[in-house]
Amino acid sequence: MNVIERQTELTKSLYSINSAAMKEFAAQQKANVESYIELNKSFGEKLPEVKDIPGFFTLQREYGETLWSNTKAAFETQSELVKSTFEETRDAFKVALTTEETAEIIEAVAPAKAAPKKATAKAKAKAKAKTKAK
C-alpha cells in the first residue's frame, strides 16, 4: 500500500471515529438534559408538599445529592467516550504509519549496526596477513 492509499485510509478512519464519537456525545447530552428536566420536574412536584423549613432543607439536600450523582455519572460516561476515541485514533495512526517499508528500514539498519564488528574482524585478519607476510 503506498503513502497516498495509507493517508486516504487514515482520513476515512479518522472521519468515521470522529463522526461516531460526536453522534454518541450528542446522544449522551440529550439524555443528560432529559434527565435534568425530569429531576427538576419530580422535585418541583414535591415542593408544594413541604410544610416546614427542615422539610425544605431536606428536599433541597436530596435534590443536590441527586443532581451531583447524575452529573458525576454523566462526566464519567463522557470521559470513557473520550478515552475510547483517543484509543481508536491511536490505533488508526499506528496502522497508517506502520508499513512494510518501515520494517525494511529497520532490518536494513540492524545489519548496518553489526557491520562495524565485521569490519573490525576483517581489519584484524588483514593485520595478521601482513604480519605473516613479513
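In table form, for the structure just shown:
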quantity: log₁₀ of I(q)/I(0) at q = 0.12, 0.21 Å⁻¹ - segment 3-98, Debye sum with one point per alpha carbon; calculated: -0.57, -1.00
quantity: Trypsin sites (Lys or Arg not before Pro) restricted to segment 45-94 and DSSP loop, no more than 12 other C-beta within 10 Å; calculated: LYS51
quantity: Two-site label geometry, SER69 and PHE25: point separation in nm, points 7 Å out along Cα→Cβ; calculated: 2.9 nm
quantity: Where labels lie 7 Å past Cα in the beta-carbon direction, separation of LYS51 and GLN7 in nm; calculated: 7.6 nm
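Since every read-out is calculated from the coordinates, none of them should be taken as a lab result. The model shown is predicted, which means the values in this text are computed figures rather than measured ones. Here Cβ is always computed from backbone atoms with ideal geometry, including for glycine, and neighbour counts include all displayed protein chains.
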